[in-house]
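Since the structure comes first, as structure tokens, the remarks are kept for the end.
Nothing in this text is a laboratory measurement; each read-out follows from the coordinates by a stated rule. Fair warning: this is a prediction, and the values are worked out from it, not measured in the lab. For neighbour counting, all protein chains shown are included, and Cβ atoms are generated from backbone atoms with ideal geometry for every residue, glycine included.
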Amino acid sequence: MKNEELILIIDFYGQYNQLIARRVRECNVYSEIVPFTTSIDKIKEKNPKGIIFTGGPASVYQENAPKCDPEIFNLGIPILGICYGMQLMTYTLGGTVNRADKREYGTISVKLNNTSKLFKGFENENDCLMSHTDFVEVLPNGFENIGYTTNCPNAAMQNVEKKLYGIQFHPEVNHTKNGTEIIRNFVYNICECQGTWKMSSFAKETVVSLKEKIGDGKALCALSGGVDSSVAASLLSKAIGKNLTCIFVDHGLLRKNEADEVESVFGNSDVNFVRVDARKRFLGKLVGITDPEQKRKIIGEEFIRVFEEEAKKIGTVDYLVQGTIYPDVIESGVGAGATIKSHHNVGGLPDYVDFKEIVEPLRDLFKDEVRQVGLEMGLPEYLVYRQPFPGPGLAIRIIGDITEEKVSILQDADFIFRDEISKAGLDKSINQYFAVLTNLKSVGVMGDERTYDYTLALRAVETTDFMTASFSKIPYDILEIISSKIVNEVKHINRVVYDITNKPPATIEWE
Ligand code: XMP
């Protein structure tokens, strides 16, 4: 972000790095994560107001331990080292790091020197999350102790003159009391930031810079109805209006009313909105397919074919818009953290469409920031707070083969489930919730009649990263309302079950 105050986060493979970046941004200061291998010249070029070293699993004495250029300490830029970051600072500047007999782990009371600018406004004791085996034994010259615990003599240190600070605990996690305040103190009291990073200014500035960049050029966007592509499209729409074409492929496996909702938002806006009714085409390709991976493959490929055909009708475009967000960028290995997965949004999509450049207006934002921009842009709340929905849609929530009738049964049941969850006020605390149409039929009784119909499964999970998840403990009385409503109102469902499995061992989706 040009012209923004920047806090640069140097990544030493810590597990909470994204959280550090988010905490800094919560203080209205822009932050970016870069690998520890980033050169001094590059760092200078970015002109940060402050630098934060993350934690990390290594020991400074280990062979191949991640280290940055020691020149960084001579730049005169304030640095805060967290955990491994503090140990590295110590080691590089001539102090001693040692290995304790026992790992110190958990929320531990740390005695703080609250005359330090870092702990200004705090009591002299603070609960902090400690997670380390190595510890700083001897401080480097010029440093003074500003915190300790029973087992860790140097839990915090400072060199006021050089503006270098180290803390052994993790301020970025919720388990540390006043954690964000510590970061705020660093950013404001030590780095002297003004705090100009705001989502309202982001939206306005991005629209202006997109206008400048694209001018009279033409842009193309694949709109899925999800948050990211919708927010990206709305920024572009504001910037270039009619020169943007949004292609929305309705593959027929969306949630109830979803396609109409997307059209109601974008169909009446300034952009060229193309809704492609490809429902028959997708269902045709999926006839008799029961294997989940094959379903995914067919839908992925067909999606590209449809998009390609529509794009060809438009002819040459200058820009292809993608809803890539910052976690996608980090996960794809831009940070030093080992590449976790290559995300479908990054460098993915079509090389067959004729365009000059990719535009990714949300590349620097976290999900909650994207949602804020969405609200700024006037998108409706139901769209902005939409839960994640898999690309292959309901195809992987219908176990076994897919028919038009099954899609319609599932859409109706899923709608009731989601509606009742919102009515019960649980929609913000449950992170993903949906219905699954099993291929199990069982006997039931309706009035005086015997039925032999489908079993519907309800899935609801609480999670932050979707890598692990706990099933949501929805109160029985709410489950009862949902179950009777579904069985009464949705034909061909005579039994509802609730999935009480965590991830792992189960996955969130059933297929
Ligand atoms: P699992 O089932 O792996 O799901 O625990 C984790 C998260 O990923 C979503 N998911 C998908 N998203 N295409 C997607 O775009 C897929 O094929 C797919 N499969 C799972 C799932 O909804 C959950 O949020």
Run the helix sum for the chain: -39,500 (n - 2.57) per DSSP H stretch of 4+ residues, divided by residue count, reported at 222 nm to the nearest 500 deg cm²/dmol. -9500 deg cm²/dmol
Using only the alpha-carbon atoms, how far is helix 227-240 inclined from the longest principal axis of the chain? Give it as 0 to 90 degrees, nearest 10. 90 degrees
Let me spell out the model: positive unit charges on the Cβ of Lys and Arg, negative unit charges on the Cβ of Asp and Glu, origin at the Cα centre of segment 365-511. What dipole size does that give, in debye rounded to 20? 220 debye
So if I place +1 on the C-beta of Lys and Arg and -1 on the C-beta of Asp and Glu, and nothing else carries charge, what would the dipole magnitude of segment 11-108 be about its Cα centre? I want it in debye, nearest 20. 240 debye
Whole number please: convex hull volume per residue, Cα atoms of segment 366-511, in Å³. 125 Å³
Any idea how far apart Thr37 and Asn98 come out in nm if each label point goes 7 Å out from Cα toward Cβ? 3.5 nm
Once the Cβ-Cβ distance between Lys46 and Glu381 is put in as r, and R0 is 35 Å, what FRET efficiency do you end up with, to the nearest 0.05? 0.45
Looking at the calculated P(r) for segment 248-297, what percent of the C-alpha pair distances fall above 13 Å? 64 percent
Using the structure shown, list the pairs from Lys67/Lys163; Lys46/Lys503; Lys204/Lys367; Lys213/Lys280; Lys238/Lys367; Lys242/Lys423 with a Cα-Cα distance above 29 Å, or answer none. Lys46/Lys503; Lys213/Lys280; Lys242/Lys423
Take the alpha carbon atoms of segment 199-262, find their center, do the same for segment 270-308, and report the distance between the two centers in whole angstrom. 21 Å
Could you give the distance between the Cα centres of segment 373-395 and segment 6-37, to the whole Å? 26 Å
Set the Förster radius R0 to 56 Å, insert the Cβ-Cβ distance between Asn141 and Ser429 as r into 1/(1 + (r/R0)^6), and round the FRET efficiency to 0.05. 0.65
How many percent of Cα pairs in segment 192-284 exceed 15 Å? 63 percent
Quick one: order Asp453, Asp101, Asp419 by neighbouring beta-carbon count within 10 Å, fewest to most. Asp101, Asp419, Asp453
Taking a ≥ b ≥ c as the square roots of the eigenvalues of the Cα gyration tensor of segment 83-137, is the shape rounded (a/c under 1.5), prolate (a/b larger than b/c) or oblate? oblate
Given labels modelled 7 Å from the Cα in the Cβ direction, how far is it in nm from Glu309 to Lys120? 6.4 nm
Out of Tyr30, Ile52, Asn64 - ranked by how far each Cα lies towards the positive end of the dipole of segment 22-68, with unit charges on the beta-carbon of charged residues - the top one is Tyr30
Working note, segment 197-245: Cα radius of gyration (Å, one decimal) and Dmax (Å, whole number) are 10.9, 30
In order over segment 406-413: 3J(HN,Hα) from phi, Karplus 6.51/-1.76/1.60, θ = phi - 60°, whole Hz, x for each Gly or Pro, gives 5, 4, 5, 4, 5, 4, 5, 5
Helix 476-489 against the longest principal axis of the chain: what's the angle in degrees, Cα atoms only, rounded to the nearest 10? 30 degrees
Over all directions, how big on average is the projection of the convex hull of the alpha-carbon atoms in the chain, in square nanometres? 26.8 nm²
Which one of Gly400, Leu479, Ile421 is farthest out on the positive end of the charge dipole of segment 367-481, using unit charges on Cβ (Lys, Arg +1; Asp, Glu -1) and the Cα centre as origin? Gly400
Distance between segment 456-487 and segment 152-195 - C-alpha centres, whole angstrom: 40 Å
Would you mind classifying segment 349-421 by shape? Square roots of the alpha carbon gyration tensor eigenvalues, ordered a ≥ b ≥ c; an a/c under 1.5 is rounded, otherwise it is prolate if a/b is larger than b/c and oblate if not. oblate
Ordered by fewest other Cβ atoms within 10 Å, a rough proxy for footprinting exposure, Val173, Val329, Val497 read Val497, Val173, Val329
With everything on Cα atoms, drop me the angle between helix 17-26 and the longest principal axis of the chain, reported from 0 to 90° to the nearest 10. 90 degrees
Figure the gain on full extension for Asp127 and Gln62 (residue separation times 0.36 nm, minus the Cα-Cα span) and round it to one decimal in nm. 20.4 nm
Measuring from its Cα centre, the chain shows a charge dipole (+1 at each Lys and Arg Cβ, -1 at each Asp and Glu Cβ) which, in debye to the nearest 20, is 260 debye
Bridge orientation stat for the chain from DSSP, antiparallel percent rounded to 5, came to 45 percent
Overall dimensions of segment 425-511 as given by Cα atoms, namely Rg and Dmax in Å: 14.2, 47
Segment Thr463-Val445, extension gain: residue separation times 0.36 nm, minus the distance between their alpha carbons: 2.8 nm
Ranked from fewest to most other Cβ atoms within 10 Å of their own Cβ, Leu129, Leu283 fall in the order Leu283, Leu129
Rg [Å, one decimal], Dmax [Å, integer] - segment 110-223, C-alpha atoms: 20.6, 65
Using DSSP loop states and a limit of at most 15 other Cβ atoms within 10 Å to flag chymotrypsin sites (Phe, Trp or Tyr not before Pro), what is the longest stretch of the chain containing no flagged site? 62-351
